[in-house]
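The values are calculated or read from the model by the stated rules, or taken from the named source; none is laboratory data. All figures in this text were calculated on a predicted structure; none of them were measured in a lab. Neighbour counts run over all protein chains shown; Cβ positions are idealised from the backbone, glycine included. The protein model used for the area step is the full one, side chains on, heavy atoms only, and it has no ligands, DNA or RNA in it. Shrake-Rupley method; radii C 1.70, N 1.55, O 1.52, S 1.80 Å.
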There are 2 protein chains.
Amino acid sequence: MDKTRHLSILGSTGSIGVNALNVVRSFPDHFKIKYLTAQTQSDLLIDQAREFKPKAVVIGDESKCSDIQGALPEVEVLAGRHGLLELSGRDDIDIVLNGIVGSAGMEPTIKSIQAGVDVALSNKESLVMAGGLINALLEEKNVKLFPVDSEHSAIWQCLVGEDPADIKRLIITGSGGPFRSMKKESFQDITVEQALNHPNWTMGRKITIDSATMMNKGLEVIEAYWLFNLPEEKIDIVIHPQSIVHSMVEFQDGSVKAQLGLPDMKIPIQYALTYPKHFPQAWEQLDLAKISSLTFEAPDLDKFVCIRLAYDALRAGGSMPVVLNVANEVAVHRFLDGEIGFTAIPEHIEKAMNTHDFIQNPDLDDILALETWAKSTR
Amino acid sequence: MDKTRHLSILGSTGSIGVNALNVVRSFPDHFKIKYLTAQTQSDLLIDQAREFKPKAVVIGDESKCSDIQGALPEVEVLAGRHGLLELSGRDDIDIVLNGIVGSAGMEPTIKSIQAGVDVALSNKESLVMAGGLINALLEEKNVKLFPVDSEHSAIWQCLVGEDPADIKRLIITGSGGPFRSMKKESFQDITVEQALNHPNWTMGRKITIDSATMMNKGLEVIEAYWLFNLPEEKIDIVIHPQSIVHSMVEFQDGSVKAQLGLPDMKIPIQYALTYPKHFPQAWEQLDLAKISSLTFEAPDLDKFVCIRLAYDALRAGGSMPVVLNVANEVAVHRFLDGEIGFTAIPEHIEKAMNTHDFIQNPDLDDILALETWAKSTR
């Protein structure tokens, strides 16, 4: 990488955004922050802007706009959903890192691609909801999508230099979450506190619940389908509680490649920004002799109904993954708010999937309408 | 791979050679056997020649030459060391697979490179004894070397599409052999039968003993040094009793890539012949959920003295790895013949290393003279 890359970080105050700025801080000659966006955390956004001196920032919560303008007199400040979408469409950057949580991240991804900007994508909902549209746009605009999810980054790394025609299957690993060993009968008593207590990864609340229900793996299967252009029967899940093997690719000759690392999003975030290079970092080194044992088991689809629902949605195609995703968001927030129990999450999703008006080839307006409808199921 | 590749298999009746012919048999449109060579197994060589119809064969044991000529009237039959070296220097093939066991395989590798023929190298002694000469020749002749050892094939596969400058270290895995858990005090009582009983791999007798002493790993470190052009402090060994992870590469950002597979030489042999493609095979699939657990531990250099000797030889350079390798061959054969005990193997090697006349930059004549001298230590 010879020249400085100009970056936009969408969701800069979230878990992914903060890690991305740590990476940027390590390589001041390689990266320059041009844009930062946040939904509500205005204080952190101000601190980040003072350090990284972006040209513009977006605050989603419009009530905080004037505070930010006061604190950052030399920075252009945009606000609200409109501001986010306006900034996402700018083309004077080399790469945008989309670390927005949830379906709100989909439209910014599309705007960036339309602007011809490469996307480092942490927002998995973009592909889950609009994979067909996005892939068509990527081809039309000759834009590249770099996965940031640890699983998809692992697969991507395993495929460097390989011919996609040689892939036999992808093997997505999942920790199994905090309830891997719990009996199904006890699932109905799971509390929010238990579900937020992930054994390996420190992540946002929504994604942590998705790990507990294992919907996270389901969404990753759908994301992998669009990223790597493989049918669902070639995308498997294996449970790996230590979260050291981040995913694998099996080739036609039976050779399997895996990418490993300590469970820390820093590595996939940095790789998405430095690809195809591995920039040196003095992060803690993986020591397999110290870890001693890596274990693997088949996922229990009877217990983790969300995985089955995701494969069902992928097979059905069309509007089904949109509804799966948005209904899951609604159900997770209801669970987090104490309105429904843990086992009601998949029930809520399945009901939405079964009752919505199916569309075979949804366009963006259809997807947004489906999102609105699915949100109304709350 | 569009056109048929013409192959020469050196050591076709050995474990590697037989597996290579299984691969060739699977893809009759892609591979044509032009040459086969064997040391003593004339009956099997005749069977192979009848099936694969080579242009010429070599039998090392000259007393069997006329039998073979009688059985294969339409095939050119060469004999002895001279015949092997003559045939190794022919240039009317695309790739030679060198599956010869031991130091006898070194000169054929050099002859093939001098003839401008790419080499799929299973004979690790070639690089251990003459790595500097071979690398200079490869560059001069613009010839490629494809590793066949499962460990080096794994590293090679992990490096496809990567920039060698991004490598932090190589991690060579080893099963630890049959004596991994045995106390050091019991090593002096190890019998030939125990040492030949390898837990995972079916290999030749010499290599099986090298696995038991772990000299195999030491030789692999030296081989990796020449294949991947890395200093010895960037080549580590980790014990992995299940032999599923065949080796790993750690990159500068802490990302680790591993190549996995069932412990079967078919995969690396085929990959060396089909690189950069993975040709489809219906071999038994790796099922990590079934295997359940992969374990790792640090090697015990106090118990496995041969590993330390190999690192010492690599650091000393020059003639030292030549003597290490040949003295090891002598000691292993003496052990197999019941002349010395298991713990005398490293003692014999260390004595030879300490008493030989060190040469900093041995040429081929020096290496052959060192080989003769080290063989005389018997």
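Some points to look at:
- Selection count where residues are open to solvent by 10 Å² or more (accessible area, probe 1.4 Å), of a type outside the set (Phe, Trp, Tyr) and not in a helix (DSSP H, G or I), scope segment B:191-223: 9
- Among residues of segment A:105-121, those that are surrounded by fewer than 22 Cβ atoms within 10 Å (Cβ to Cβ), out of contact with any Leu (no Cβ under 8 Å at 6 or more places or on another chain) and of a type in the set (A, V, I, L, M, F, W, C), counted: 1
- Residue among A:153, A:247 that alone is open to solvent by less than 10 Å² (accessible area, probe 1.4 Å), more than 16 Å from residue A:304 (Cα to Cα), polar (S, T, N, Q) and assigned to a strand (DSSP E or B): A:247
- Scanning segment A:348-369 for residues that are free of Cβ contacts under 8 Å to residues at least 40 places away in the same chain and within 12 Å of residue A:324 (Cβ to Cβ) yields a count of 5.
- Every pair of residues 6+ apart whose Cβ atoms lie under 9 Å, when the first sits in segment A:265-277 and is at positive phi while the second is buried (at least 24 other Cβ atoms within 10 Å of the Cβ): none
- Qualifying residues in segment A:252-290 (those that are part of a helix (DSSP H, G or I) and more than 7 Å from every other protein chain (Cβ to nearest Cβ)) - the one modelled with the lowest pLDDT: A:266
- Contact map, segment B:167-193: residues that are closer than 20 Å to residue B:224 by Cα paired with residues that are open to solvent by 60 Å² or more (accessible area, probe 1.4 Å) and modelled with pLDDT of 95 or more, Cβ distance under 8 Å, separation 6+ or inter-chain. Pairs shown: B:167/B:234; B:168/A:280; B:168/B:234; B:169/B:234; B:170/B:234; B:176/B:297.
- Restricting segment B:162-181 to residues that are open to solvent by 50 Å² or more (accessible area, probe 1.4 Å) and over 19 Å from residue A:289 (Cβ atoms) leaves a set whose member that is nearest to the other protein chains (Cβ to nearest Cβ) is B:163.
- Taking the conditions (1) open to solvent by 10 Å² or more (accessible area, probe 1.4 Å); (2) part of a helix (DSSP H, G or I); (3) out of contact with any Pro (no Cβ under 9 Å at 6 or more places or on another chain) in turn, residue A:49 satisfies each one other than (1).
- Matching residues, segment B:152-161, being closer than 20 Å to residue B:254 by Cα, within 23 Å of the chain's Cα centre (by Cα) and within 9 Å of chain A (Cβ to nearest Cβ): B:154, B:157, B:158, B:159, B:160
- Residues in segment A:343-360 that are under 22 Å from the mean Cα position of the chain (by Cα) and among the hydrophobic types (A, V, I, L, M, F, W, C): A:345, A:349, A:353.
- Considering residues of segment A:291-307 that are within 7 Å of chain B (Cβ to nearest Cβ) and in a loop (DSSP other than H, G, I, E, B) only, the residue farthest from residue A:24 (Cα to Cα): A:298
- Of the residues making up segment A:71-84, those that are under 17 Å from residue A:111 (Cα atoms) and open to solvent by 30 Å² or more (accessible area, probe 1.4 Å) are A:81, A:82.
Residue-by-condition table, conditions (1) open to solvent by 10 Å² or more (accessible area, probe 1.4 Å); (2) on the phi < 0 side of the Ramachandran plot; (3) free of Cβ contacts under 8 Å to residues at least 60 places away in the same chain; (4) among the polar types (S, T, N, Q):
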position	(1), (2), (3), (4)
B:313	no, yes, no, no
B:318	yes, no, yes, no
B:322	no, yes, no, no
B:327	no, yes, yes, no
B:335	no, yes, no, no
B:341	yes, yes, no, no
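- For segment A:328-349, the criterion of being over 18 Å from residue A:219 (Cβ atoms), among the hydrophobic types (A, V, I, L, M, F, W, C), away from chain B (no Cβ under 14 Å) and part of a helix (DSSP H, G or I) is met by at least one residue.
- Applying the set (1) on the phi < 0 side of the Ramachandran plot; (2) without any contact (Cβ under 8 Å) to a residue 60 or more places away in the chain to residue A:224 leaves exactly one unmet item: (2).
- Residue in segment B:209-221 that is in contact with a Ser or Thr (Cβ under 8 Å, 6 or more places away or on another chain) and away from every other protein chain (no Cβ under 14 Å) present: yes
- Looking only at residues of segment B:91-117 that are farther than 13 Å from residue B:39 by Cα and in a loop (DSSP other than H, G, I, E, B), we find that the one that is farthest from the chain's Cα centre (by Cα) is B:92.
- Count - residues of segment A:225-244 that are open to solvent by 30 Å² or more (accessible area, probe 1.4 Å) and either facing chain B (nearest Cβ under 10 Å) or of a type in the set (S, T, N, Q) (or both): 3
- Scanning segment B:288-311 for residues that are of a type in the set (Ser, Thr, Tyr) and surrounded by 15 or more Cβ atoms within 10 Å (Cβ to Cβ), we see that the one that is farthest from the chain's Cα centre (by Cα) is B:295.
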